[in-house]
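Structure first, then comments.
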Amino acid sequence: MPLDAFDRELIAATQGGLPLVPRPYEAVGAMLGVPGERVRERLAQMLEQGLVRRIGAVPNHYALGFTANGMSVWDVADDQVDALGERIGALAGVSHCYRRPRHLPAWPYNLFAMLHGRSRAEVEAQAREVETLLGSACRGHDILYSTAILKKTGLRLSGA
């Protein structure tokens, strides 16, 4: 879908993130000279059309004191992974959870859940909670701990 001039301005204004203010759409609208409602409506349309995958907050877990961050990986029965993944993704210590294909024989894991804690012991306790929730559908797991902070960015348009 081709982008019009307003779409390009909107993406350029939001590609660094929404402003951290009580009414971010109004703040972006003020920058663009349009009502905040137009910003909100167009972003909702972009989501619906698949031009934008999601709009969400990306917290800096380290700044919040969560310095033990581990991607937990699980070998879960394929016929249960979607339903169980929904339940895992709703847990308090999980920031994101998703299904990925296995790469056998070296990589049997098909469910990934990012766990955040103030210590590895806290993350491991969360992993035990996940394992309990998965029950007999879980055939194995591991935790891959973060060793560096990766910069997350949104959509970028050249020339925007």
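The values are calculated or read from the model by the stated rules, or taken from the named source; none is laboratory data. Predicted model, so just to flag it, every value in this text is computed and none were measured. In this analysis, Cβ positions are derived from the backbone assuming ideal geometry, glycine residues included, and neighbour counts consider all displayed protein chains.
Which one is nearest to I55 (Cα to Cα) among residues in the range 4-33 that are surrounded by fewer than 16 Cβ atoms within 10 Å (Cβ to Cβ), in contact (Cβ under 8 Å) with a residue 24 or more places away in the chain and not aromatic (F, W, Y)? Per the stated criteria, the residue is G17. The set of residues from the range 45-63 being surrounded by fewer than 17 Cβ atoms within 10 Å (Cβ to Cβ) and within 17 Å of H96 (Cα to Cα) comprises R53, R54, I55, G56, A57, V58, P59, N60, Y62. Just one of (1) farther than 28 Å from Y109 by Cα; (2) in contact with a Leu (Cβ under 9 Å, 6 or more places away or on another chain); (3) modelled with pLDDT under 95 fails for A57. It is (1). Listed here are the strands (runs of 3 or more DSSP E) enclosed by the range 47-138 that have at least 3 residues being closer than 30 Å to I11 by Cβ: 94-99, 111-117. M31 is checked against (1) part of a loop (DSSP other than H, G, I, E, B); (2) outside the structural domain of A125 (by TED's automatic domain parsing) and fails just one. What number does that condition carry? Every listed condition holds for M31 apart from (1). Scanning the range 119-138 for residues that are surrounded by fewer than 13 Cβ atoms within 10 Å (Cβ to Cβ) and of a type outside the set (S, T, Y), we see that the one that is nearest to L91 (Cα to Cα) is R128.
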